[in-house]
Structure formats: structure tokens, C-alpha cells
Amino acid sequence: MEMTDIDLCDPQNFVDGVPHDWFTYLRHEAPVAWHPDPASIGGGFWSVTRYDDCVTVNRDAEHFSSYRAGAIFTDMDEDALAQQRMMMLNMDPPMHTRYRRLVNKGFTPRMIRDLEERVIQSTDDILDAVCEEGSADFVEQISAELPLRVIADLMGVPQEDRHLVFDWSNKMIGSEDPEYQTGEDAPARAAMELYAYADELCTKKRLDPHQDLFSVLTQAEIDGDKLSELELDLFFLLLSVAGNETTRNLISGALVAFFDHPDQWQRLLADRSLLPSAIEEMLRYVSPVMHFRRQAAADVVIGDQAIAEGDKVVFWHISANRDETVFSEPHSFDVGRTPNNHMAFGGGGPHFCLGANLARMEIKVMYDRLLERMPDLHLDGPVQRLRSNFINGVKHIPVAFTPSASIGH
Ligand code: HEM
């Protein structure tokens, strides 16, 4: 293999599977490599693939800015950037610190605990809808449904509106995959519609607060500082995107991993106390978010490589999580793996996933209920993967299982 064989920009190269052999080569031969890309301003980007270097980029917001060019791979014009910078994902400290402290008020461990009962109920409702059939498209009917319902509950969106929010958020991120493409102006239109919806919902919450996250956030205050209406609406937008596709693809990707490693499913069936370590292994092995992007805010060195101010830097969680110097036998899927200090939620930097504990709880409940209710779940047709170099995604997983009666709640 040679460097010129490697093209991490073309989403087509992720359709048959994550190109792990390329990442392995890069970690060994060129851990901080200049990757040409005609579509990037500057003609390319620095591709960072080793665990330690990814953690460094993730933690050092002073040198690796999320604000300058956003945290997403695609370069944007100034207008688009100005909009994106109002979302916390694309902020740097101290602006990010202030925002994060305020939204943290709504994301307490207690809030997550209080949601668990609802998550169990939603999961059982989702499984009830398919359990008598004996077969399903696992992605469309099971894994996509749970995060959607949870986000709707969290934000206080009435259940009947949740598919509206889901469609807008799907269209907003746009997609490289032909199955989900909807035309060039669709992302902007969807963002406007979702924004208008958020604005109306937040106004209602302000006038008539309940226990949900948005009611809490409309009241949240630190030293007299509050989130403005605009900031709240944009947080709604970010959550509806950040909490859906990620969790869905973790649940889906982990199921494919179990189909490829049936002994690990049997191990979990026999010993449910392995569930906590299994969840961390699912996160490491799947790494639903494969990369994020930064812009060098000053001249800086990573590894032995000098990087100039203004250069684009892309760090690959998917590669860091298979780094053989950190994880023994990194390509094996081992539900009992410890330690497992993966960076699927980030490498401990200021943007560390705000929803990490919520996601863990959703995954735990879903797999607990699947093991209980569909222990002989198996593949019943071809898996279809998402065409993306950003989300390690699966679009369809035909599954079959012994039919059972719905349990109702
Ligand atoms: C398996 C599921 C998930 C994965 C793999 C994931 C992954 C990530 C990653 C890698 C980041 C960036 C971290 C960094 O740069 O340090 C992030 C940020 C974020 N995530 Fe998640 N996420 C998941 C689920 C969720 C859920 C359920 C929510 C909310 C309901 C959520 C909300 C957010 C938000 C708001 C941010 C931005 C935080 C900031 O900028 O300070 N995520 N997530």
C-alpha cells in the first residue's frame, strides 16, 4: 500500500466498510499526514490517526480551534460559518465555556435518571410493534425510533410532532448518500423550519414551564446571565441532530458487530453483568462519529509534524479507537474488554459529548430489552451501509427472530 492509494474524502470508500487497513497504515507510516483534497480550501488537510495525537488535538482548543472554520469537515462560506458559530459545537472558550455551563444545568445525572423509566417504556413499545411479526428492518423500525422518542421526551416535543423534527434534522445535515438526498436547498429550508418550530416551542415553555430540558433551560441562570431566545433555538437544532444519528448508528452498528461475533452475543446472554463493559466496547468498536475537524489557530507541532496557523486538521476517532498501542487486539470485539478508555464521545476536551450518559443509558436499555425479548435475533438479508466518511452508519439490517406476544404497558 502507498499513501496515494488512500482517499478518506470520498464517501464511497466507506460503503463496503470502514477502511481500517488504511487507518492502520497511516497510524504506522504517517500518523500526522497531509491529505490532498481539491475540495478543501488550501488543497487538503492534516489527517491525525494515532490515539494520543487525537486526544491532544481534541483537548487543546487554544491551538486547534472549532470556531475558525467550524467542527465539520466541509468548508463553508462566511455566511454559513456565522450561523454555525452560534452552535456550541463550533465555539471556542471562553464563549463555549459560558454556553456549556448554562446548558449543563439541564443535563444533570438526575435528569437522565428520571428519563430512564420512559426510555424503558419507549423501547418496549418499539419492540411491541414488531415482536409478533418475527422479522423487521432493525434500523428503520427499532434503532432509529428510540433516540427519536428520547430526544422528543427530553425536549418536551409532543410525540405527534417527533417525525417532523426528525425529518427536518435529517435534511438539515444533508447527506452524501443518494437514498437520503433531497435537493440542494433542502438543508437550509429544513433548518429554517426546525428553527421556527423551536422558537414556538421555547416561547410556550417560557410561558408554561414543565420538567423537560427546554423548560429548565428557559429558566437557567448563572450570575444573572441567561441563554437568549436565539441561543435556545439553536441548541434545540444542535440536539435534534447530535442525539439522533449518533445513537441510532451505535445501536445498529453494534448489532452488526454481534452478528459478526455471535460468541459475544452468547456471552452477554449468559452473563448480563457484562453489559456495562459491552456498552463501552460497542462505542469503541463502532465509533459512530468517525472524525471531527479543527483549524490550527497558531503554528503548532503534533508528533513530529509542524502545522501552520490556518491549516485544516481532521482527527479520526474511528482510528484512535483501533490504535494497537492503546488497545490490545484492537480489531477484535470483546464485550469484557477492560480498560477501555475509548474516545467515541471525544478525547476529554471541552466539547466532550454532552449527551454521553444519556446515550449510554439508551444503549443499555435497548440491549437489555433485546437480550430479554429477542435472544435469537439473527441476520435475514444483506446489511446496507451509509455512504459517509463522517458517520459510521448502517441504513438497513433485515433481521428475524422467534415471534412473541407484545407485552403492552
Ligand atoms: C452513541 C451516541 C453518541 C456519540 C458517539 C456522540 C459523539 C459525540 C462526539 C464525538 C462529540 C464531540 C466531542 C468532542 O469534540 O470532544 C459530541 C458532542 C456533542 N454531543 Fe454527542 N454523541 C452521542 C450522543 C449524543 C446525544 C444522545 C446527545 C444529546 C441528546 C448528544 C449531544 C451532543 C452535544 C450537544 C455535543 C456538543 C458539545 C459541545 O460542543 O460542548 N450526543 N458527541
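For the reader, a short list of remarks on this structure follows.
- Among the residues of this structure, Val139 counts as one that is closer than 22 Å to Lys395 by Cβ, of a type in the set (A, V, I, L, M) and within 15 Å of the ligand (Cβ to nearest atom).
- Restricting the range 354-384 to residues that are free of Cβ contacts under 8 Å to residues at least 24 places away in the same chain and in a loop (DSSP other than H, G, I, E, B), the residue that is surrounded by the fewest Cβ atoms within 10 Å (Cβ to Cβ) is Pro382.
- Leading residue by the ranking (nearest to the ligand (Cβ to nearest atom)) among those in the range 142-186 that are among the small types (Gly, Ala, Ser) and farther than 26 Å from Phe73 by Cβ: Ala152
- Selection count where residues are touching a residue at least 60 places away in the same chain (Cβ under 8 Å) and more than 16 Å from the ligand (Cβ to nearest atom), scope the range 334-353: 5
- Subset of the range 21-64 [among the hydroxyl-bearing types (Ser, Thr, Tyr) and either more than 13 Å from the ligand (Cβ to nearest atom) or surrounded by 23 or more Cβ atoms within 10 Å (Cβ to Cβ) (or both)]: Thr24, Tyr25, Ser40, Ser47, Thr49, Tyr51
- Test: Leu255 is closer than 19 Å to Phe333 by Cα, modelled with pLDDT of 85 or more, under 17 Å from the mean Cα position of the chain (by Cα) and part of a helix (DSSP H, G or I): yes
- Answer residue from the range 354-363, given it is out of contact with any Asp or Glu (no Cβ under 9 Å at 6 or more places or on another chain) and more than 6 Å from the ligand (Cβ to nearest atom) and is nearest to Phe292 (Cα to Cα) among those: Ala356
- Among the residues of the range 1-41, those identified as among the aliphatic types (A, V, I, L, M) and assigned to a loop (DSSP other than H, G, I, E, B) are Met1, Ile6, Leu8, Val15, Val18, Ala30, Ala39, Ile41.
- Filtered residue count, the range 385-395, keeping only those that are more than 14 Å from Ala257 (Cα to Cα) and assigned to a strand (DSSP E or B): 2
- Filter result for Val241 (at pLDDT below 95 and crowded, with 18+ Cβ neighbours inside 10 Å): yes
- Among all residues of the range 2-21, there is at least one that is under 29 Å from Ala188 (Cβ atoms) and free of Cβ contacts under 8 Å to residues at least 12 places away in the same chain.
- Any hit, the range 173-195, residues being among the aromatic types (Phe, Trp, Tyr), modelled with pLDDT of 85 or more, within 22 Å of Gly70 (Cα to Cα) and assigned to a helix (DSSP H, G or I): yes
The values are calculated or read from the model by the stated rules, or taken from the named source; none is laboratory data. Note that the coordinates shown come from a computational prediction; the quantities given were computed from them, not determined experimentally. With ideal geometry, Cβ positions are generated from the backbone for all residues, glycine too; neighbour counts draw on all protein chains shown.
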